[in-house]
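The values are calculated or read from the model by the stated rules, or taken from the named source; none is laboratory data. Only a predicted model underlies this, so the values are computations on that prediction, with no experimental measurement involved. Note that we place each Cβ from the backbone using ideal geometry, even for glycine, and neighbour counts take in every protein chain shown.
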Amino acid sequence: MISHHVLFWLKADTTEDQKIAFCKSLETLENIEVVKTFHVGTPAPIERAVVDTSYTFSLILFFEDLAAHDVYQVHPLHKAFLDEFKVYFDKVIIYDAN
């Protein structure tokens, strides 16, 4: 099993409508056939010193194996998301684990 956790910090001037469109596009990634588990969210209102709530959106995907992860990376839905929305990224951090 491979987990793929992506944290997005959107640019400060991103409008609410753009954030809604961004989130809707993230949600399309659940339709990629190799995605086993999917979650998109925003920071939970948890205040603890070890919890980072500075990001705008979190995307967590689980894949059966590395080969499935690699299929996802080149999938047309993933590429379409990046092509349209990478202009809104201020920062992105990815944590992959097996």
Note on the stretch 3-26: residues surrounded by 12 or more Cβ atoms within 10 Å (Cβ to Cβ), out of contact with any Leu (no Cβ under 6 Å at 6 or more places or on another chain) and either among the hydrophobic types (A, V, I, L, M, F, W, C) or not in a loop (DSSP other than H, G, I, E, B) (or both) are S3, H5, L7, F8, W9, L10, Q18, K19, A21, F22, C23, S25
Screening E47, E33 for residues that are loosely packed, with under 11 Cβ neighbours inside 10 Å, at pLDDT below 95, out of contact with any His (no Cβ under 8 Å at 6 or more places or on another chain) and farther than 17 Å from Y88 by Cβ leaves only E47
Within the stretch 44-80, of all residues that are out of contact with any helix residue (DSSP H, G or I) (no Cβ under 6 Å at 6 or more places or on another chain) and part of a strand (DSSP E or B), the one nearest to A12 (Cα to Cα) is F57
